[in-house]
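Undergrad: Quick one: this structure, given as structure tokens, is what I'll be asking you about.
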Amino acid sequence: IVINSTKMNTCLMFLEYMSGNALLEFLLTLKPTKVQKRVILQDQKEIVEVIQTFFETGKTKDFSVLGNIQLNSPEFSSFSDVPPYGLKGYSESIALEELRFSSISDYDYEIKNAKINVFGTTGIVTFELTQKGILVDNKAFTGQHITINGRATFVLIKKDTWKILHYHLDKISN
């Protein structure tokens, strides 16, 4: 099925009434036009830039960008592989990200096997993640080399620009 933008808008209105697996199955049946493919590729590029900005914060220690790339909204949530393990909101997530990235010197990361899906104004990104650095204990003036192998899922929403709505990071046992 090839649909033009008018039909796409009608489909999107229809999709507002669908949910769960039915929505995903329906979206996967659509075959985008060349213009829509270009838009999707541009969206994917912008999404990658947001994800890279998130992890580059560990290198640059410029924590101000974290607020720019995440949706400051009650709908925001995150899970992480470090305590506290419960579901966190926007403010708590930002504070914990700053603490995490500031505690690791010589931080580096590698994203592997990324999969990026765009469904209108929603983007879903999954990938394997390796993070390395020196975990610094400023009180004892010591550091420990760390390597964290993990998985990540990010859900983004487009509101003028792409913003992180939810993420989940977890470790893979070695």
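The values are calculated or read from the model by the stated rules, or taken from the named source; none is laboratory data. Note that this is a predicted model, so its numbers are computed, not measured. All Cβ positions, glycine included, derive from the backbone under ideal geometry; neighbour counts span all protein chains shown. Accessible surface areas use protein heavy atoms only, side chains included; no ligands, DNA or RNA. Shrake-Rupley method; radii C 1.70, N 1.55, O 1.52, S 1.80 Å.
Undergrad: Within the range 130-174, which residues are within 23 Å of Ile69 (Cβ to Cβ), out of contact with any Ser or Thr (no Cβ under 8 Å at 6 or more places or on another chain) and without any contact (Cβ under 8 Å) to a residue 60 or more places away in the chain?
TA: The answer is Asp160, and nothing else.
Undergrad: Quick one: is Glu56 acidic (Asp, Glu), over 14 Å from Leu169 (Cβ atoms), free of Cβ contacts under 8 Å to residues at least 24 places away in the same chain and surrounded by 13 or more Cβ atoms within 10 Å (Cβ to Cβ)?
TA: Working: acidic (Asp, Glu): yes; over 14 Å from Leu169 (Cβ atoms): yes; free of Cβ contacts under 8 Å to residues at least 24 places away in the same chain: yes; surrounded by 13 or more Cβ atoms within 10 Å (Cβ to Cβ): yes.
So Glu56 passes the test.
Undergrad: Return the residues of the range 78-105 that are over 14 Å from the mean Cα position of the chain (by Cα), of a type outside the set (A, V, I, L, M), modelled with pLDDT under 95 and part of a strand (DSSP E or B); say none if nothing qualifies.
TA: The one that is over 14 Å from the mean Cα position of the chain (by Cα), of a type outside the set (A, V, I, L, M), modelled with pLDDT under 95 and part of a strand (DSSP E or B): Ser105.
Undergrad: Let me ask another. Pairs, please: C-beta under 6 Å, at least 6 apart or cross-chain, first residue closer than 15 Å to Leu165 by Cβ and surrounded by 13 or more Cβ atoms within 10 Å (Cβ to Cβ) and in the range 80-96, second aromatic (Phe, Trp, Tyr) and at pLDDT 90 or above?
TA: So the pair list comes out as Tyr90/Phe76.
Undergrad: Would you confirm whether any residue within the range 30-43 is open to solvent by less than 70 Å² (accessible area, probe 1.4 Å), under 13 Å from Leu156 (Cα atoms), modelled with pLDDT under 95 and not basic (Lys, Arg)?
TA: In the first step, residues of the range 30-43 are kept if they are open to solvent by less than 70 Å² (accessible area, probe 1.4 Å); the result is 30, 32-33, 36, 40, 43.
Now restrict to residues that are under 13 Å from Leu156 (Cα atoms): 43.
Checking which are modelled with pLDDT under 95 leaves us with 43.
Narrowing the set further to residues that are not basic (Lys, Arg) leaves 43.
Among the residues of the range 30-43, at least one is open to solvent by less than 70 Å² (accessible area, probe 1.4 Å), under 13 Å from Leu156 (Cα atoms), modelled with pLDDT under 95 and not basic (Lys, Arg), which makes the answer yes.
Undergrad: Quickly run through the range 73-93 and pick out the residues that are touching a His at 6+ places or on another chain (Cβ under 9 Å) and of a type in the set (A, V, I, L, M, F, W, C).
TA: Residues satisfying the conditions are Phe76, Phe79.
Undergrad: Okay, moving on. Counting just the residues of the range 97-111 that are of a type in the set (Ser, Thr, Tyr) and in contact with a helix residue (DSSP H, G or I) (Cβ under 7 Å, 6 or more places away or on another chain), which one comes out most open to solvent (accessible area, probe 1.4 Å)?
TA: Start the filter on the range 97-111 by keeping residues that are of a type in the set (Ser, Thr, Tyr), which leaves 102-103, 105, 107, 109.
With in contact with a helix residue (DSSP H, G or I) (Cβ under 7 Å, 6 or more places away or on another chain) added as a condition, the list becomes 107, 109.
On the way: Tyr107: 14, Tyr109: 40 Å².
Among those that are of a type in the set (Ser, Thr, Tyr) and in contact with a helix residue (DSSP H, G or I) (Cβ under 7 Å, 6 or more places away or on another chain), it is Tyr109.
Undergrad: If a residue must be within 28 Å of Val35 (Cα to Cα) and either assigned to a strand (DSSP E or B) or of a type in the set (Asp, Glu) (or both), how many such residues does the range 113-169 contain?
TA: Taking the range 113-169 and keeping what is within 28 Å of Val35 (Cα to Cα), we get 113-127, 153-165.
Applying the additional criterion that residues be either assigned to a strand (DSSP E or B) or of a type in the set (Asp, Glu) (or both) yields 113-119, 122-127, 153-165.
Qualifying residue count for the region: 26.
Undergrad: Got at least one residue in the range 126-148 being closer than 15 Å to Phe54 by Cβ and charged (D, E, K, R)?
TA: no
Undergrad: Okay, moving on. Among the residues that make up the range 81-104, is at least one of them among the charged types (D, E, K, R) and in contact with an Asp or Glu (Cβ under 6 Å, 6 or more places away or on another chain)?
TA: Within the range 81-104, one or more residues are among the charged types (D, E, K, R) and in contact with an Asp or Glu (Cβ under 6 Å, 6 or more places away or on another chain).
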